[in-house]
Amino acid sequence: MSGIYLHIPFCETKCIYCDFYSVTGDTLREKFITSLLNEIKLSSDELKNKKFDTIFFGGGTPSLLTVSELSQIFNQLFKSLNISSDSEVTIECNPGTVSKQKLYDIKKLPVNRLSFGIQSFSDKELRFLTRIHNSQEAERSVIEAQEAGFSNINIDLISSLPGQTLNTWKYNLEKALSLNIQHISAYTLTYEKGTPLYKMKTTGRIRPESEETESMHYRFTSDFLTDSGFEHYEISNFALPGFRCRHNLKYWNSEEYVGFGPSASSYLNKTRFANVKSITKYIDKISKGEKAVDFMEFIDEKTSLNEYIFLRLRSSGLDFKRFRSKFGFDFRNKFNKPIEELTQKGYAKISENEFKLTISGYSLCDEITVKYFYQ
Ligand code: SF4
């Protein structure tokens, strides 16, 4: 089964740290919806042999769409593609953009999972991140979603903001847990090139936290959430048993997915491709009946092996049997030296069936993969 990703490229304002593709203002909104519906329709022939069991609305801010716009998208998806009736269907919500009534209306759609971009429960931190919501709205939106009947909710949080202490970070985690949600994505603040935050760093207006502090926050998060019953199933992701994000698991398991909307990527038939990162070019191409793809790469055996190892190490570990059936050789034989070195250094654990990074290894996942496993 494959996944469907829809990129909704609108935001009320741009947050200083964000490098996802989105635009402010909604003058192109109507044309975008028409294009998105057409893109889905155009793909139906090509995707007729694929079956889908996850749908993920990301962005941007999908919760800016009206319920009627969301309904049109669902109608087109179900008309054009073969979608399983027990699909996981997630919408990313910005707490500043959803009223109680809207959450009730969204519940009537085929949506069964919400992902709230809360980032922090501290007003000071939210102002720093230039988010449009405050902590009260964040809390209220989760409670109202639960009242509307949602019982599979994720909260995104960001740690290691400049000046954030372990106590204030702990407060964020405690607040999230007090809301009885099922999933937490806890990211470390990153300074992406081209963002205002990156400029603030390079011009000395802010001083990022040290790697030691980031690592301390990271370890604390893992211990705190696993002690509270959450499974740490990917570097930044924690879920109560039975609530892992099925859509994101497709990325981490190297499974297929199709993306619609500007900048959306797809991985189908051993090929990765991405749509153009411009809403105007996207609308223009689709209106001419063309594909909006502007990047395409065939994933050969070597790339597939490298990616598979990287994705398995950054998530819940590499299963030896599955590895052998996918690549035709034994992982332990091929990588016996790195396995020995990494386990001795405490960066990884090996059992009869799998090889897995420890918390210390997770923090160095990129470096470890490149140094020890890249072919
Ligand atoms: S709301 Fe989300 S997608 Fe939009 S700018 Fe902020 S972080 Fe980026």
Those residues of the stretch 85-116 which are within 16 Å of the ligand (Cβ to nearest atom) and in a strand (DSSP E or B) amount to 90, 91, 92, 93, 114, 115, 116
Just one listed residue, out of 56, 32, is within 16 Å of the ligand (Cβ to nearest atom), assigned to a strand (DSSP E or B) and not β-branched (Val, Ile, Thr), and it is 56
### Query
Quick check: is even one residue across the stretch 143-151 away from the ligand (no atom under 14 Å from the Cβ), under 19 Å from residue 58 (Cα atoms) and surrounded by fewer than 22 Cβ atoms within 10 Å (Cβ to Cβ)?
yes
By residue number, the members of the stretch 13-32 that are more than 14 Å from residue 129 (Cβ to Cβ) and charged (D, E, K, R) are 26, 29, 30, 31
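Under the condition of being of a type in the set (S, T, N, Q) and in a loop (DSSP other than H, G, I, E, B), which residue from the stretch 36-53 is farthest from residue 249 (Cα to Cα)?
Keep residues of the stretch 36-53 that are of a type in the set (S, T, N, Q), which gives 38, 43-44, 49.
Retained after the next criterion (residues that are in a loop (DSSP other than H, G, I, E, B)): 44, 49.
Details: 44: 24, 49: 21 Å.
Top of the filtered list is 44.
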If we keep only residues of the stretch 15-28 that are without any contact (Cβ under 8 Å) to a residue 40 or more places away in the chain and surrounded by fewer than 16 Cβ atoms within 10 Å (Cβ to Cβ), then the residue nearest to the ligand (Cβ to nearest atom) is 24
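Got a sec? Which helices (runs of 4 or more DSSP H) wholly within the stretch 207-310 have at least 1 residues that are closer than 26 Å to residue 87 by Cα? Step through it out loud before you land on a result.
Values: elements: 211-227, 246-252, 279-287.
Once the helices (runs of 4 or more DSSP H) in the stretch 207-310 are filtered for at least 1 residues that are closer than 26 Å to residue 87 by Cα, what remains is 246-252.
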Checked the stretch 34-47 for anything over 25 Å from the mean Cα position of the chain (by Cα) and under 17 Å from residue 271 (Cα atoms); matches are 46
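So is residue 60 in contact with a strand residue (DSSP E or B) (Cβ under 7 Å, 6 or more places away or on another chain), open to solvent by 10 Å² or more (accessible area, probe 1.4 Å) and either of a type in the set (Val, Ile, Thr) or assigned by TED's automatic domain parsing to the domain that holds residue 25 (or both) or not? Give the derivation first.
Numbers: in contact with a strand residue (DSSP E or B) (Cβ under 7 Å, 6 or more places away or on another chain): yes; open to solvent by 10 Å² or more (accessible area, probe 1.4 Å): yes; either of a type in the set (Val, Ile, Thr) or assigned by TED's automatic domain parsing to the domain that holds residue 25 (or both): yes.
Against the criterion (in contact with a strand residue (DSSP E or B) (Cβ under 7 Å, 6 or more places away or on another chain), open to solvent by 10 Å² or more (accessible area, probe 1.4 Å) and either of a type in the set (Val, Ile, Thr) or assigned by TED's automatic domain parsing to the domain that holds residue 25 (or both)), residue 60 qualifies.
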Checked the stretch 63-84 for anything within 16 Å of the ligand (Cβ to nearest atom) and either within 14 Å of the chain's Cα centre (by Cα) or open to solvent by 20 Å² or more (accessible area, probe 1.4 Å) (or both); matches are 64
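Quick one: how many residues across the stretch 277-314 are basic (Lys, Arg), open to solvent by 40 Å² or more (accessible area, probe 1.4 Å) and within 24 Å of the chain's Cα centre (by Cα)?
We begin by selecting, within the stretch 277-314, every residue basic (Lys, Arg); these are 277, 281, 285, 288, 291, 302, 312, 314.
Of the ones still in play, those that are also open to solvent by 40 Å² or more (accessible area, probe 1.4 Å) are 277, 281, 285, 288, 291, 302, 314.
Now drop any that are not within 24 Å of the chain's Cα centre (by Cα), which leaves 277, 314.
Qualifying residue count for the region: 2.
Go through the stretch 177-226 and give me each residue that's at positive phi and of a type outside the set (Gly, Ala, Ser). Steps first, answer last, please.
So the first thing to find is which residues in the stretch 177-226 are at positive phi, and the list is 180, 194, 204.
Passing the criteria: only 180.
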State yes or no: is residue 231 buried (at least 16 other Cβ atoms within 10 Å of the Cβ) and not assigned by TED's automatic domain parsing to the domain that holds residue 366?
yes
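The values are calculated or read from the model by the stated rules, or taken from the named source; none is laboratory data. Since the structure is predicted, the reported quantities are computational estimates derived from the model, not experimental observations. For neighbour counting, all protein chains shown are included, and Cβ atoms are generated from backbone atoms with ideal geometry for every residue, glycine included. Areas reflect the complete protein model, heavy atoms only, side chains present, ligands, DNA and RNA absent. Shrake-Rupley method; radii C 1.70, N 1.55, O 1.52, S 1.80 Å.
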